[in-house]
Structures are given as structure tokens and as C-alpha cells.
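Structure record follows, encoded as C-alpha cells.
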Amino acid sequence: MSSGDRPEPQTTTPSPYVSPSESPAEATAKAVGAGILFGILFGAANAYLGLRAGLTISTSIPVAVMTVALFRTLRAGGVNSTILEANLSQTVGSASSSVASGVIFTLPALFLWGFDPTFIQITILAMSGGLLGVLFMIPLRPYLIVREHDSLPYPEGTACAEVLKASQTGGAQARHVFLGLGVGALVKALTGWLRAVPDGLQVSIPLLKKAQLGGDVSAALLGVGYILGPRIATIMVSGGLLSWLVIIPILATWGTGRPEPLYPETVLPLDAMTPSLLWTRYIRYIGAGAVATAGLITLLRSVPLMVESFRSGARQIRERLSDTPGAPAVPRTEQDLPLRVVGVGAALVFATLVLVPLAFSSIEIPAGRAVAAMLVVVFAFFFVTVSSRIVGLVGVTANPTSGMTIATLLATSSVFLLLGWTDDGGKVAALTVGAVVAVAASIAGDTSQDLKTGFLLGATPRRQQLGELVGVLTSAAFVALTVLLLARAYGFGGEELPAPQAMLMRLVIDGVLAQSLPWTLVALGAGIAIVVELLRIPSLPFAVGVYLPLSTMMPVFLGGLLRLVLHRRAATDEERLARHDRGILLGSGLVGGEGLIGVVIAGAAGWAVSRGQTPWSLGFAWAGAAADWLALALFVALITFFWRRVAPAARS
């Protein structure tokens with residue numbers, strides 16, 4: 001360490017589950033293949049979930065559990081597996097969800113502007129961000145994961161290690177994931193494919209003009225609510241209640257008898273608009289202003305930690321570069337990919353972004369693409385360092401990736417404004433820069449958690465790092481395909497797929513470059529976020545609730561409430577923990593099952609439309625006036641199923 005720096009924290013290094021002196025099977029074909037398969041599965045599901053609800057879930061534990069189940073099946077046929085193979089599989093598989101997060105939080109804005117990115121462009125951008133995120137994390141591993149083991153717990157990584165250790169002594173956790181997959185797929189098939197049951201309920205509220213309460217019949221959103229917990233789920237639904245029971249009735253009442261439309265609407269007066277249209281034309285801008293402000297507040301709160309993380313990371317990289325050559329042999333559990341791989345890999349990504357016109361398709365000259373590529377590398381390096389440390393404290397779920405992306409877009413848009421790139425090409429270029437950085441920051445958080453798991457288990461770091469790279473390269477194309485299928489089938493920005501994060505990114509860029517927003521509505525949303533923050537309520541989940549349809553938030557709230565009741569009714573702390581774990585796995589399965597069927601439906605609908613046909617569905621006209629009651633019965637049955645699978649103490 002250089003003089004003047006603070007001393008290294010005192011760390012108690014745990015003994016890994018597998019000794020460094022042992023060399024069990026690890027990066028085998030079946031481990032990599034299983035990881036790729038499960039990665040494609042959960043990557044597509046997370047893309048669908050993120051576009052619908054504005055958030056994604058960590059998939060390391062579900063992938064690990066499903067891998068263990070697969071390997072046990074293979075063991076019955078005489079094919080043995082090791083715990084390090086299972087860890088390598090979840091390392092490869094979990095990368096896809098981070099790639100999906102970065103892509104769906106940004107690139108759908110291109111569709112909202114009317115620009116349709118190609119499959120190749122989305123794939124290149126996703127791969128570029130994923131590769132930079134993994135590569136820039138490599139030099140930080142010995143310091144963040146090893147030296148700061150005591151001060152950076154990396155909650156998901158530690159939990160995943162415990163799950164894999166427990167799998168060596170028996171258990172049937174995978175049953176809950178697979179049941180969730182099946183039930184989630186069945187519910188979505190009934191409501192979204194066959195449409196034999198309505199996919200939601202809406203009830204008008206008397207005395208409040210155009211106020212509505214509603215809820216989607218969604219297994220995935222119920223599972224998300226359980227995973228988030230009652231506090232965040234309640235905050236999110238509170239934002240939805242503000243929009244649909246307060247703001248919409250105020251707009252409707254104020255518009256009574258006024259024949260002129262209210263900007264940004266230019267045709268219909270308020271009195272002639274339905275609640276859904278009021279949400280589309282006004283609430284989305286208010287919600288976007290709230291989400292943008294909440295994201296900036298989250299970013300500002302993280303600035304001290306970001307600065308310290310960057311300083312620490314830069315210092316640690318300098319130390320790593322100054323290591324004396326010819327040192328003693330490095331134990332297996334401390335072997336990282338060489339730093340030259342980091343340098344060469346980053347240079348290749350930079351060259352690809354500059355020399356392949358499809359990457360930054362809106363910039364015609366190589367010099368302009370070089371400017372954009374340099375911004376990508378600089379911001380990716382900074383935010384990978386920041387993200388890798390932050391997730392060690394708060395976990396992947398609470399990682400402020402959207403705030404980092406907003407900061408990137410603000411800075412990039414400001415640079416482009418100075419360069420005079422304020423046309424549509426400038427907007428597209430700014431967004432694609434933000435997309436690559438978003439993927440990089442997201443995958444860095446996942447890589448850190450996976451390396452923590454490997455550190456506790458005794459995995460070989462360089463094999464895990466290669467596994468992350470494989471996960472990025474194999475999942476990027478499937479994430480891109482998923483986005484294109486969903487865009488063709490549903491479009492973005494509507495009630496089915498609101499794409500709230502992408503709407504937010506579009507808002508940021510339009511605000512800087514186009515300067516064509518209904519600023520009164522945006523400012524109102526900003527004010528809501530500030531007031532909520534002053535009340536010491538987390539502003540970001542509340543703002544997401546303001547933006548999204550209340551029907552989306554209601555099943556999330558019920559999932560959180562279900563978790564609260566299940567925990568409180570547990571007789572012992574041990575049973576409460578068991579219920580928590582069963583519910584998380586079951587909820588993850590529900591998310592995966594619905595997401596996968598949602599993608600399949602999108603593909604089938606796109607295929608039918610391309611052939612000039614209307615997608616077939618049974619429809620729920622057969623149920624007549626009982627259709628809504630049928631939807632309610634289905635959702636009650638879903639909750640009952642969840643309760644019965646999670647609550648009994650005898651189940652495992």
C-alpha cells in the first residue's frame with residue numbers, strides 16, 4: 001500500500017468449503033451448459049418482468065437450486081457432480097438477468113421514439129456492456145471480496161453459498177422453484193394466451209370521479225411482492241393509490257365543463273377521457289418526474305460511497321499493477337484472469353463500438369463513434385467500481401443502477417449538447433451510451449455476488465470470471481430477441497408493458513436535448529418525490545408506484561402482505577426462516593413461469609401477425625357475467641396455493 005493511505009481493514013478470512021489444495025471438477029461442459037440453459041430461461045423472464053413492473057429479481061439462488069436438482073437427476077444415471085460445478089452453473093446462468101436489466105431499462109426508449117433497433121445492434125450493445133462489466137471487476141476481486149470480507153457481506157452471494165452447502169446434505173428446495181414455474185406458466189396461459197379468464201379486475205369508486213381500484217391476475221407480480229416484502233410493496237401500492245384515487249379524480253373534477261384540452265393532450269377535453277387515457281396522457285409524465293427525481297436523490301445519497309469506492313478501487317488496481325513478477329505460486333482459489341486480458345478485452349470492446357457502425361448507428365463518422373465509445377469506457381469503469389462495492393453492502397436488488405444510468409445520460413447528453421448533437425441522432429447515441437453503461441454496472445454487481453459465493457465455497461476465480469463472460473456472450477442474443485418479440489407483440493409504454501425505466505431514460509434525454517416536455521407535470525412529480533423523501537419514506541419505490549398502473553401494484557402489495565402474515569404466524573424463528581426461503585424460491589418460480597410464457601405468447605403473436613393472421617384465443621365470453629368472478633376465483637386460488645406450499649412446517 002502506498003504511504004499515506006489508510007491501513008487495510010482487519011479481516012478474518014474464512015476457510016472455504018473446498019480446500020485450495022483440492023481440484024474437483026468445476027468448469028465442465030454440463031455445468032456450463034446448464035448455466036446457459038437456465039440463464040436463457042431467467043433472462044427472458046426478467047426482461048418481461050422488468051418491462052412490466054420496472055424491476056428485476058436476482059436469479060443466482062433459483063439457478064443454483066435448479067442446477068442442483070438437474071445434477072441429482074443426472075447422478076441417478078451415474079453422472080456425478082461437485083458443488084463447484086453447481087456454483088459455476090449459477091455463475092453462468094445469473095449473468096443473463098443482469099444483461100436483461102441493463103437492456104430493458106434503456107433500449108425500449110428507442111421504440112418509444114419511433115426508432116426500431118435491430119437484433120444485431122441490441123446484441124452488440126448488450127455484449128459490450130456485459131464484457132466491460134465483468135472485465136473491469138476482475139482487478140477488484142482480491143480487495144473487495146477477500147480483503148474486505150468482513151466489511152462487505154454481499155448478501156445474495158453469501159445466501160447462495162449457504163444454499164449450495166445445504167444442497168450437499170439433502171433437501172428438496174428445487175421442488176418449490178419448479179412448482180412455481182408450472183403454476184406461473186399455467187396462470188399466464190389462461191389469462192394471456194387462451195384468454196379464457198380475464199387478466200384483471202377493475203372497480204369504480206363511488207363519489208370519486210373516474211377513480212378506480214383494480215388488480216392484475218398475475219402470478220409473477222404476486223411472487224415479486226413476496227420477494228420484495230411488505231414494506232416496499234406497501235410503499236409502491238401507496239404511490240399507485242395516490243395516482244388513481246387522488247390525482248385522476250382531481251383532474252376529472254377540474255375538467256368538468258371545460259371544453260378545451262389540457263396540454264399535452266391536444267384533442268380531447270379532460271371530461272371526455274377515460275381513467276386509462278388520463279393515466280396515459282398525464283399520470284405517466286407525473287410519475288416519470290417522480291421516478292427521475294427519486295433516482296437522482298438515490299444517486300446523490302450514494303455519492304460519498306461512490307467517491308470512496310472509486311478511490312479505493314483505483315488504489316487497489318494500482319497495487320495490483322505493482323505486484324512483483326516472479327512471486328510464489330498462487331493458490332487455486334486466488335487465481336484471477338491476468339490483467340492483460342482486462343486491457344485487451346476492453347480495447348477490443350472499444351474498437352468494436354468505434355469500427356462497427358451498427359453499434360452507434362445514429363453516428364455516421366468514426367470520430368463521433370470514438371467520442372461515444374470513450375464515454376462508454378470512462379463511465380463503465382467508474383460505475384463498475386462503484387456498483388461492485390455498493391452491492392456488497394446493500395445487495396443487487398437495492399443497487400441504484402437506474403441512478404447511475406441517469407447520471408451517465410445527463411453527462412452524455414450535456415456533452416452532446418455542447419457538441420451540437422441535439423437532433424434525433426444525438427438522442428439515440430446518448431441512449432445507447434447509457435445502455436452499455438447500464439449493462440456494465442448491472443453485471444458488475446452480479447459478478448461481485450457470484451465471486452463472493454465462489455470465495456466462500458473455494459471456487460477458482462478465473463473459471464468463474466470466464467463463466468461470467470460466457471454467460472454474457474450466450475445470453476445477450478436471447479435478451480435481444482426477447483425485447484424484439486415483446487415490442488412486436490405488445491409495444492412499449494402501454495398498460496401491458498409500461499417500460500417505466502425506459503420511459504424515465506427517454507425523459508432525461510428529451511429534457512436535455514429536445515427540451516419538449518410538459519414540465520408542469522414533470523415538476524409536479526418531482527415535488528411528490530421530494531415530499532415523500534422529507535417524510536422519510538423511500539422515494540424510489542413510491543415513485544415507481546405513482547408511475548405504474550395501480551392494477552400492477554395491487555398483486556405486488558398482496559404478495560408482500562402474504563409474506564408478512566406467513567412470517568407472523570410462524571411458531572418459531574426457525575420456521576419463519578424456512579417459510580421465508582420456501583416463499584422466495586416459489587415466488588422466483590412464479591416470476592420465471594409467467595415471464596417465459598409471456599415471451600412465448602409474444603413470439604406466437606408476432607408469427608401470426610407476420611402471416612397476416614389474428615392471434616387465436618378462446619376468449620372469456622363463454623363465462624358471461626361471471627367472468628370477473630372467475631378471475632377473482634383464480635387469484636384467490638393462486639394465493640391459497642402459495643399459502644399451502646409455504647406455510648406447513650413439515651414441508652421442505
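Couple of notes before you dig in:
- Per residue, the chain exposes an accessible area of 39 Å² to a 1.4 Å probe, with every protein chain left in place.
- For the chain, the direction-averaged projected area of the alpha-carbon convex hull comes to 31.3 nm².
- Applying 1/(1 + (r/R0)^6) with R0 = 22 Å to the Cβ-Cβ distance of Gln335 and Lys165 gives a FRET efficiency near 0.50.
- Whole-number D in µm² s⁻¹ for region 358-492, Kirkwood Cα-pair radius fed into Stokes-Einstein, 10 °C, 1.306 mPa s: 96
- The magnitude of the dipole of the chain, with charges of +1 and -1 set on the Cβ of Lys/Arg and Asp/Glu and taken from the Cα centre, is near 840 debye.
- Estimated at the nearest 10 Å², the accessible area of Asp628 is 80 Å² with a 1.4 Å probe.
- Whole-Å distance, taken between Cα centres, linking region 60-135 and region 246-266: 45
- Thr253 exposes around 90 Å² of accessible area when a 1.4 Å probe is run over every protein chain in place.
- Charge-dipole axis of the chain as Lys and Arg at +1 and Asp and Glu at -1 on Cβ define it, positive-most pick from Phe641, Leu190, Val433: Phe641
- A straight line joining the Cα centroids of region 530-545 and region 189-226 runs 25 Å.
- Shape call, region 457-609: gyration tensor on alpha carbons, a/c limit 1.5: oblate
- For region 89-129, average projected area of the Cα convex hull in nm²: 3.0
- Of Tyr547, Tyr490, the residue with the largest accessible area leads and the full order is Tyr490, Tyr547 (1.4 Å probe).
- Heavy-atom SASA rank of Phe381, Phe620, Phe635 (probe 1.4 Å, accessible area, largest first): Phe620, Phe381, Phe635
- Trp244, Trp519, reordered so the largest accessible area comes first (probe 1.4 Å): Trp519, Trp244
- Applying Stokes-Einstein at 25 °C and 0.890 mPa s to the Kirkwood radius of region 11-134, computed over alpha-carbon pairs, gives a translational diffusion coefficient of 151 µm² s⁻¹.
- Between Gly200 and Val217, the built amide H atoms are under 5 Å apart, and every one of these is 5 or more places off in sequence or on another chain.
- With every protein chain in place, the chain: carbon and sulfur % of accessible area (1.4 Å): 65
- Dipole-positive endmost among Val599, Leu277, Gly114 within the chain (Cβ charges, Cα centre): Val599
- Label-point separation, Arg568 to Ile365 (7 Å along Cα→Cβ), nm: 6.6
- Among Ile528, Ala571, Leu561 the positive-end extreme of the charge dipole of region 501-582 (Cβ point charges): Ala571
- Pair-distance distribution of region 106-202: all C-alpha pairs, bin width 10 Å, starting at 0; shares per bin in whole percent are 11, 18, 22, 34, 14, 2.
- Under the simplified labelling scheme, the Ile639-Glu575 pair shows an inter-label distance of 2.2 nm, with each label point 7 Å from Cα along Cα→Cβ.
The values are calculated or read from the model by the stated rules, or taken from the named source; none is laboratory data. Model, not experiment: these values are computed from the prediction. Here Cβ is always computed from backbone atoms with ideal geometry, including for glycine, and neighbour counts include all displayed protein chains. With ligands, DNA and RNA removed, areas are computed over all heavy atoms of the protein, side chains included. Shrake-Rupley method; radii C 1.70, N 1.55, O 1.52, S 1.80 Å.
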